[in-house]
Amino acid sequence: GYKADLEGFTGNAWATNVNVRAAQKGLYEGLEAMDTNAAITRDNAAQMVWNALQAKEVEYDYTLVSENGQLTSKITLVDKNLTLLKDKYEADKEDAGILLSCKKVDGKDYYTITTTKQTNNANTTYNKISADVSDLLGQKIQILHKQTATDDTVYGVYADEDSKVVATGTLGDFELDGAKKVKLNGTSYKIDGDNNTADLVRIANESAYAADKQLDDLAALANKGTITPSTAASTIKLIDNDGNGKIDGAVLTPAKVAKVTAVSKTSVTL
């Protein structure tokens, strides 16, 4: 939406003026460590394009004002409430809540996912996801999709910038560490909340989940006196979903431990 003649995007200083606007519009977000004297890398170029797609478009507001008895036109640059992504591709980002399940559709090459975002008082399901995003289970996600009356194509699913996996390990190495902490692989982590009530999303057969489980329940499963080999081998991820460094939830992936009793060219018996 910028006009080259008004912004000085022509003439000897065009590069400097364009660069100033690019910085103001956030095109360098996430690129603070970039060497601007070197050739740009592919990943930095992709980041800059992504930043540009999310930048608000601009327009000029012309008003007549009186100066020294003369009417002149005053030009004001204003942001439109419209991103390049929305304007050119009818697409937008959406905060979709926490990813609860990811399941491949039988006989198809795409997946369906369910998140905690509420639609008509129920969790929301998104269809025709092109990639397996089960690695993001338990994390707060964003969805990039086209939104028209006839098309709701999902372009991508990715973790929210504040959401990350803090630690991974096996349930046999998990325990409570006081009222507001847990310990995994010998390292202690604070829990976000008043007690050990961070939610647990439990994976089973790609589709089942149980957000009503809590870290206390995991600790009971991991009790050294009663734990089974399969339970001990189950993997666990501790997740921070709001960027404050504390544990908001966990993902448990069940495992089974068995003894190999026979091996042939075509099968293994356990």
Count, please, the residues in segment 160-192 that happen to be within 15 Å of N223 (Cα to Cα), in contact with an Asp or Glu (Cβ under 8 Å, 6 or more places away or on another chain) and touching a residue at least 40 places away in the same chain (Cβ under 8 Å). 3
When you check D135 against the structure, is it part of a loop (DSSP other than H, G, I, E, B) and of a type in the set (D, E), yes or no? no
Can you tell me which residue is farthest from S101 (Cα to Cα) among those in segment 231-260 that are surrounded by 14 or more Cβ atoms within 10 Å (Cβ to Cβ) and charged (D, E, K, R)? K246
Going by the structure shown, is W50 of a type outside the set (V, I, T) and more than 30 Å from K146 (Cβ to Cβ)? no
Selection from segment 138-164 of residues that are within 16 Å of I98 (Cα to Cα), assigned to a strand (DSSP E or B) and touching a helix residue (DSSP H, G or I) at 6+ places or on another chain (Cβ under 9 Å): L144, V157, Y158, A159
If V49 satisfies every condition in (1) over 30 Å from R202 (Cβ atoms); (2) of a type in the set (A, V, I, L, M, F, W, C); (3) open to solvent by 50 Å² or more (accessible area, probe 1.4 Å); (4) in contact with a Lys or Arg (Cβ under 8 Å, 6 or more places away or on another chain) but one, which is the exception? (4)
Subset of segment 133-155 that is more than 23 Å from A167 (Cβ to Cβ) and open to solvent by 80 Å² or more (accessible area, probe 1.4 Å) - its residue that is modelled with the highest pLDDT: Y155
Take the residues of segment 84-119 that are part of a strand (DSSP E or B) and in contact with a helix residue (DSSP H, G or I) (Cβ under 7 Å, 6 or more places away or on another chain): which is surrounded by the fewest Cβ atoms within 10 Å (Cβ to Cβ)? D92
For N127, all conditions in the list (1) part of a strand (DSSP E or B); (2) loosely packed, with under 14 Cβ neighbours inside 10 Å; (3) at pLDDT 90 or above hold save one; what is the number of the exception? (3)
Applying the selection to segment 1-19, what residues are under 24 Å from K88 (Cα atoms) and surrounded by 13 or more Cβ atoms within 10 Å (Cβ to Cβ)? G1, Y2, E7, F9, V18, N19
Determine if segment 166-178 includes at least one residue that is modelled with pLDDT under 90 and part of a loop (DSSP other than H, G, I, E, B). yes
Taking the residues in segment 193-209 that are more than 19 Å from N223 (Cβ to Cβ) and surrounded by 17 or more Cβ atoms within 10 Å (Cβ to Cβ) as candidates, determine which candidate is modelled with the lowest pLDDT. Y209
Confirm whether D79 is open to solvent by 50 Å² or more (accessible area, probe 1.4 Å), over 29 Å from I236 (Cα atoms), assigned to a strand (DSSP E or B) and at pLDDT below 90. no
D43 passes all but one of (1) within 23 Å of V251 (Cβ to Cβ); (2) outside any strand (DSSP E or B); (3) among the acidic types (D, E); (4) open to solvent by 90 Å² or more (accessible area, probe 1.4 Å); which number fails? (1)
Cβ pairs under 6 Å, 6+ apart or interchain, first in segment 46-58 and under 16 Å from R21 (Cβ atoms) and part of a helix (DSSP H, G or I), second open to solvent by less than 60 Å² (accessible area, probe 1.4 Å) and small (G, A, S), ordered by first then second residue, are N51/G26
State whether the residues of segment 114-127 include one that is more than 28 Å from K56 (Cβ to Cβ) and within 16 Å of the chain's Cα centre (by Cα). yes
Looking only at segment 52-64, filter to residues that are surrounded by 11 or more Cβ atoms within 10 Å (Cβ to Cβ) and not aliphatic (A, V, I, L, M); which one of those is nearest to A91 (Cα to Cα)? Q54
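The values are calculated or read from the model by the stated rules, or taken from the named source; none is laboratory data. As the structure is a prediction and not an experimental result, all values here were calculated from the model. All Cβ positions, glycine included, derive from the backbone under ideal geometry; neighbour counts span all protein chains shown. Only protein heavy atoms, including side chains, enter the accessible area calculation; ligands, DNA and RNA are left aside. Shrake-Rupley method; radii C 1.70, N 1.55, O 1.52, S 1.80 Å.
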